[in-house]
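Down below is the structure, laid out as C-alpha cells.
All of the numbers you see were taken from the coordinates with simple rules; none came from a lab. Just so it is clear, the structure is predicted and the values come from calculations on it, not from any experiment. Here the Cβ is made from the backbone with ideal geometry for all residues, glycine too, and neighbour counts use every protein chain on show.
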Amino acid sequence: MPAALTRRSALAAAVALITYRAAPVTAAPIYVAIRRAEAADAADREAGRHARALHHAGRPVPAGWKSYRTALRRARTAARFDLHSLTPSTAEAATALVAYYRDRAATSGEPATARHAAQRRLRKVFRRPGAAVPAAFKGEIA
C-alpha cells in the first residue's frame, strides 16, 4: 500500500526538485536554467494535482497550503525569469530551449494558447544579438 502524500513530503519533493544540481560538470547556463524551470514546473503541477485530489475526496487542504503554493509559484517564476534572461549562443542550446517550450505547451491546460505565448517568447529571444536560431524554427514550434 503506497504511503499517503502529506504536505511535508510534497514540500520535500518540491524542494528537492527545485534545488537539484547535476554533477559538478560545467554546463552551459541555459541548460541549467532549463532543468531548473522544468523542475519548478513539475513541482507546481504535482502540487496542483494533489490539491485537486484532496478537493475531489472532500478533504480540506492542510494548514499552510496556500503559503506552500505561493512559495512554489515564486520559485517557478524565478526559474522562468532566469531562463528568459539567457540567450542561447549555440544551435543545440536554442533547440533545447524550443523543446522546453514545446513540452511546456503540451502539458498545459490550453496547449494552443501556451504554444502561441511560447512562439512569441522565442521570437523575442532569437531576435537578441548573438542568439543562435535552430534550423527547424521558422517562428513556430511544432
Suppose R0 equals 22 Å; then what is the FRET efficiency for Thr6 and Arg73 from their Cβ-Cβ distance, rounded to the nearest 0.05?
0.60
Among (i) 7.4; (ii) 8.5; (iii) 10.4, the entry derived from the coordinates for mean projected area of the Cα convex hull in nm²:
(iii)
Helix-only mean residue ellipticity at 222 nm, the chain, DSSP H runs n ≥ 4 weighted -39,500 (n - 2.57), per residue, nearest 500. What is it?
-22500 deg cm²/dmol
At R0 = 41 Å, how high is the FRET efficiency between Arg127 and Ala51 if r is their beta carbon distance? Nearest 0.05 is fine.
0.60
Folded to 0 to 90 degrees: helix 65-84 orientation relative to the chain principal axis, Cα
10
